[in-house]
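Scroll down for the structure; my scribbles are underneath it.
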Amino acid sequence: MSSSSAVRSCTVCSKGNANLCSRCKSASYCSKSCQQSDWCTHKLLCASFTTFATSDRPTPEHYRGILFNPEKSKPEFIWLLSKWSSSYGDNDYDVDYQSPQIRPLLGSDSLLKHLTIQHDKRLDKQLSDTIFITYRDTFLVDGSRPSRSIASITATQPGEYHDWRGPIVAYGKKGLGIDPLACRDLDMNDFRHITDHFLSYAYVPPPDTSQASTERVKGVRINCVGDVKLFKKPHFEEVEVAGTDSIFSMHDTSDIADRIELPILTRRCPPDPKWVNTKGGVFGYESPFNNQDATFLHQCCDPRAEFDINTGSLGWGWCPMKWQNGAGSVIVVRKDKKLLLPMHMEALARYCRYEIRPLLAHSTGEFHPEKPMKREEVLRMICRPTFVIYWAKFAGEKKDYATPSPYENGL
């Protein structure tokens, strides 16, 4: 902290007589403990703030905002042009207001959604001004990539967080109320409230390890490129979750697995900040989020499915948009909570990817000039007997005759 003291409140606990951060001179702390508790997220923008001087403001109508670029490991300050406009209010009085030019950053054809922050839930603190967070309303289903810059924030605390995707912009307005009119610059105090919002939005606490759960379920983690290459993890890794784990209430499913009578539940894992923030050629030309085996589990087998931007459906034979890019590592368990082994999961993933994918592709005309198979024909071929046959072949190729079939009694 800076050596100079002033009558200002602490960013963390709101106590008076706080000192400014010696680097950014924006956030204030009353003690080393408060500063240390804020440092894990504050450091992401502290140095950047010091170089983003207001003297470099392009025009008086530009205000400092924050861009969460999905491709970058940290958020960044940006200048947002915020021109004044007029509209008629009640009783035909003109109302002047400012609107930041955000569409060029989020997509001109996107439906945008705005979240307002006027109270910090984690600090239980009422703010004096309003912060807006704007994002694509369909980012979960339109193929947007996972946000590495927000992952760098949520990775600082254990737990499960909302799957933020695509570009996201934060900006400020003066005052509170339903619709503040004038824009303002965001600073490092605002950044603390923004990070708290991401850390509290749809947050699921980590499981309580003080008392052992009476029920444990063995499943499999399909590790993505980042976890495999950086941490040398196996692609299919045995894991164990509590019977009360959130995967049993918040999950995706597999049409193919349902049809072969091995219904599974899938859930993406938060990206590890170590590979999210890794620079250089560690991953070659691959994205660390890449996980094709997890993606192909989710091929659509509903013959009536059509393209729908609102649900993220790409129709028959395709994986939903949210599984198209950046799946990351994925936890898989059986819906019936029976044993699921890495070899079971590897066989299922290979079956979906290399046996069923060509059938679906044939039915959509990818083998032209051959007449496409009818969808009903494809569905008849996705069944328990064909997977039993594939399992026998797979076990033979692996020379593993000890691992029981996923259909054996007691499993």
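Where a number appears in this text, it was derived from the coordinates with a stated rule and is not lab data. Please read all numbers here as calculations on a predicted model, not as lab measurements. Heads up, the Cβs are rebuilt from the backbone with ideal geometry, glycines too, and the neighbour counts pull from every protein chain shown.
Brief remarks on what is shown
- Compared with the rule-of-thumb size 2.2 N^0.38 Å for a compact globular protein, region 329-411 has a Cα radius of gyration ratio of 1.27.
- Phi-based couplings in Hz for region 10-18 (Karplus 6.51, -1.76, 1.60; Gly and Pro marked x): 6, 4, 8, 10, 6, 5, x, 6, 8
- Evaluating 6.51 cos²θ - 1.76 cosθ + 1.60 at θ = phi - 60° for every residue in region 117-123, the Karplus couplings come out as 10, 10, 8, 8, 5, 5, 8 Hz, glycine and proline recorded as x.
- The residue among 309, 289, 365 whose Cα reaches farthest toward the positive pole of the charge dipole of region 216-398, with charges on the beta-carbon of Lys, Arg, Asp and Glu, is 289.
- Extension gain, residue 285 back to residue 392 (0.36 nm per residue minus Cα-Cα distance, nm): 35.0 nm
- Under 11 Å, Cβ to Cβ, from residue 146 - net charge with Lys/Arg +1 and Asp/Glu -1: +3
- Computed from the C-beta positions of residue 338 and residue 367 and an R0 of 35 Å, the FRET efficiency is 0.40 to the nearest 0.05.
- When the chain is treated as a GNM with alpha-carbon contacts under 10 Å, the residue of 175, 226, 65 showing the greatest mean-square fluctuation is 175.
- Secondary structure note: in the chain, about 100% of the DSSP beta bridges are antiparallel.
- Residues 370, 377 arranged by fewest to most Cβ contacts within 10 Å: 370, 377
- In the elastic network of the chain, a GNM with C-alpha springs shorter than 10 Å, the most mobile of 155, 361, 170 is 361.
- Interatomic Cα distance distribution for the chain, bins of 10 angstrom, percent: 4, 18, 25, 22, 15, 10, 4, 1, 0
- When the Cα gyration tensor is reduced to axis lengths a ≥ b ≥ c, the ratio a/c is 1.5 or higher for region 257-369, and with a/b not above b/c it is classed as oblate.
- Under Karplus coefficients 6.51, -1.76 and 1.60, residue-wise ³J(HN,Hα) of region 167-181 in Hz, glycine/proline x: x, 9, 10, 10, 8, x, 9, 6, x, 10, x, 6, 8, x, 9
- Relative exposure of 179, 38, judged by other C-beta atoms within 10 Å (fewest first): 179, 38
- When the helices of the chain are scored as -39500 (n - 2.57) per DSSP H run of n ≥ 4 and the total is divided over every residue, the value at 222 nm lands at -6500 deg cm²/dmol.
- If R0 is taken as 56 Å, the Cβ-Cβ distance between residue 244 and residue 86 corresponds to a FRET efficiency of 0.55.
- Amide hydrogen neighbours beyond the local backbone of residue 165, cut-off 5 Å, H modeled: 147
- The chain: most fluctuating residue of 178, 382, 102 per GNM, C-alpha cutoff 10 Å: 178
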